[in-house]
């Protein structure tokens, strides 16, 4: 699912590439670093196609060309010339181009004319139905003359001689093999069949087979040689008889047991047959077949003949016979003649393929435009003329198939040394020879010849394997050649060469490490050596051809990359084309052998370079707080090339695991990643650096409009996620094999992602910084814009993608394998760390979002402040200015609400509300200092109530939730919105609280009785005690005055006063007062009775001695029947105001009206009188 | 202060904390992880295993009325982890160079650690970096001590004069103090950076913290 999400991000980016402006957009981002991440991506793609190479044979080379790394290989040219065959030639032992003419005469000088006339003679007495007619002999003579390179005169001379010779003694060799479906002749439904053969020219000379008893499908497999007088007209008759056992015959048959030797048996059978044919028998003819000799091909044939019988239309059965011609020539001489003839013909054929081409236009094996046959192309097929001549020779000389095949093997291999022939030819010959060789059916001399020839072929076979890479793999025929080579080798390997044979003389097998003296015939071991040798040669060839003169590390790395690529390509070809053949013929793991060699070479080559390069890597110079000033980062390119090498080596190692799943861990390359250890750190650093740069660019070119209608974020957020995605791809490509390393690198990547996200957040907020602000001469204004919202959403989007992104990195898998590799505890530990890093990242980015939200609120504050102020100033003029405030809030919050997600909206709402509270508080405070009239604060209070309603609309009323500062504001506004008299009363109420809280009555006690009867207030002042002396004489003249508070409401009521008592601290007043109140006065909330004790002075300067307050609500309410004296005495603690910093007091100090001034003056007097 | 009520999702309090990245370096086995764990969770594990690559913990700390969030990266000391830990040096604000007072080698390697850090952390040349030299395992018997406090101080004097402190993660001695000291040292350097360049006086001021930083928060029993 998460994968899906990332896909979508990525696709979104891809998709938008189709739009022109977006394409430009991306190009601009990529331009920044030359498509750094894309390059990594491309690497991946290339690897992909590399792997696909295996499927398309022909594409191998084409694919390599467009690679970023230029292959400086001359191989394609070499092989591309259309002569892959050249490669197969033995470069080690090949003599200089020998003069072939000379070679022929050398070999043939002894009897070339004799052979020539012999052949002419054969042509003159041509046999077989496939032979040329008299008039068609001319081209044969012509061909022969050319092949033997004789002039016309000589030819005629020899031809005359040949004509003069008498006709050859030709034999027709017949093998009667079997018969089938014979008509039964005996009573038992069976027959006892035998065959009789004769030629029409010599009817008396009959040849009979043995009798097969009681069968209709007899098998004879008997051979006969019939002298042929006139091959053109003679007819062979084959008769099948049913043997009727006459007495005499049976007797003779009894003798069979006594006959010794094959010859004797044949004689006996002949006698039996004679008996049968001379009529002295009761044998019955089953059927007869007639075969005109002219219908028989010179090369012979095997056929089924239908048996016929005079007067019988019905089929009598079939007989199978094999027919061929032969001569009575000495077989030794004949086979030698045949070999020489073969060689002459072959050389002629090879030289003059053009001519052949003309004669045989459909011959695909011959090149149309070139004279001569290409090496390795000749497939054992002669031209028509040559075929005729050769067939005539072997027939007329009576050579056996085995002898002819051996002759071909010997002669072809001789020619092969100078002019290589197709291996397929040899392979086929060997297949025919293998049986006779294995069964010892040939003479020792012939066997020797065979092995001598084999020795001539073998070097080219092994060269074929060693130079296997120069074959064109797309060409099917070359694979057939390889197949043929392996077939030849495998067949030879089954044979035992004669004692003392050294198949691999060191003079020829220079590349083979063999001891000089010991005969070596191990074909398989040599194959192994050839494969290894070939691979080594190839490796050094690659090294030489790609030798780079550039000593820079970069060049060195590229050099290694090229080499490994070429080796990989070679391995892939080996796997694709060759391995199967080697397996088939030898059960030889070709590709594996190559791999083992290559991997050790690669390890040997790569490890020191990589280790050195990694050691020399310098950390990048940059930091994410100011990415602008980055320079001096040359190693960047190096990092990518090193990474490229890493990937190549990685693929190479993977190939090895595929080839050898069991023992891949013994390979030198198995721990290749360790060489790159230090490089990874560098790559991660590069990735971070690049990512930061890209983010910067992405933010720069983001025009802060949603990428499409369905989302609320803009291009840079998508770009940033695309960068993350690229980092993920990088990580996946790295496929770091070591689990501890994986864990640490993932931690680093997560941390980097965090940095990227924070960096993005910073860049984003920097971008929107000045937006939404407008300024005219009167005011600076800020409106929340869509851009602000998008910026917030962008960061939010990036933040939300962190956790899923980390999942993508494969954290789970890493932790699981850590548990296996180390322990569950260790795994848990690491997981905890990773989770902490993630949480940290998410939180840090989250704080960035809050920061931005706060910034928005902060920017809104001045406007809010101003509207609040105006609202308060302009009194209640239809609440116009509160409306302006509300409109401002409404507009901006609407923008926020429609663009931000729910979370962020509620966040900013809280922040704005919080800020508003502070603004309000500050406003109140500052205006208190400016001594604003109560109406100002009253208005503010109203506004506050509206605002509270506005912000808490959706929320449930929850007083405890409302911020403390709000309570404070409300309190202040309440206080300062009061009329002065209210404020004074507030002050007095507080004084009463103070009085109650008082522990010790330090100014004495006043004892009273008070009662409410309906609207009457009755007060009895009893006494005071422990009054404080104010006079110099240490005494005072006290009296008590009673005030009802707030005075504003009790102006109509007289203020009672007691008499003054002289010089006493314990006056006994004992005076009663009755006050008539109106019902409104009586039920006034918070009404107070204030008792003031004063010291009467001569000069009327009465001094304050103490005061006490009683709340209306504390006064007992009785009816008329209860007398005041029945009530309990109340002891009131006398006190004086001590604090001048109470809020009410300070509020009063801010007032400038007379009432407050007078009041404060009085209070101060009380205070100072102490 | 009003706490914005966020629905739905866990969210750290919006903090105005200064984020500081702290890296702890030192030989394997000197007790880096223990220091961190003691500091962050006030917990000590006698049998803790080798750190694999890196470990990470967060800790909020108040110093001189300022709130800091320390993002502490504890690294693996073994050589084989070298290329795994070095990427984490970048962007560090504070570096704790640790050794064990009962392990002379770990003390001798301080210079290597310091150099490794400076090389990979991409610290701007010519700037003083807030290092803190921590001698851990001060709880060991005095006869097992191989590095004296004076010696360590002398080393500090010769190497940019970072503050030095001896700690015990095991019995929690000076652990809090070490981290506080590190942050203070950071704050002082930071304050200096923020201050506009005022000519020669800067050099004089640079001398001052050196005097202060030579103070060694030693444990009583070891100063005898």
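Counting Cα-Cα pairs of region B:18-193 in 10 Å increments starting at 0 gives whole-percent bin shares of 10, 42, 38, 9, 0.
When only Cα pairs under 8 Å and 6 or more residues apart are kept, what is the percent relative contact order across region A:530-679?
About 30 percent, as a whole number.
Note on residue A:214 and residue A:541: the model spin-label points, each 7 Å out from Cα along the C-beta direction, lie 7.1 nm apart. Fully extending the segment from residue A:142 to residue A:993 would add 291.5 nm, taking 0.36 nm per residue of separation and subtracting the current Cα-Cα distance. Between residue B:190 and residue A:903, the FRET efficiency from the beta-carbon distance, with R0 = 25 Å, is close to 0.15.
Give me A:621, A:848, A:967, A:455 ranked fewest to most by other Cβ atoms within 10 Å of their Cβ, as a rough exposure proxy.
Working: A:621 15, A:848 23, A:967 12, A:455 18.
So the residues, fewest neighbours to most, are A:967, A:621, A:455, A:848.
Computed from the C-beta positions of residue A:1155 and residue A:891, the FRET efficiency with R₀ = 60 Å rounds to 0.85.
Applying 0.36 nm per residue to the separation of residue A:1025 and residue A:525 and subtracting their alpha-carbon distance, the gain on full extension is 166.6 nm. If you take the beta carbon distance between residue A:303 and residue A:188 as r and set R0 to 45 Å, what does 1/(1 + (r/R0)^6) give as a FRET efficiency, to the nearest 0.05? Here the calculated transfer efficiency is 0.90. Counted residue by residue at 0.36 nm each, then reduced by the alpha carbon distance between them, the extension gain from residue A:284 to residue A:812 reaches 180.5 nm.
Coordinate-derived values only; no laboratory data. Values in this document were obtained by computation on a predicted structure and should not be read as measured data. We place every Cβ from the backbone using ideal geometry, glycine too, and count neighbours over all the protein chains shown.
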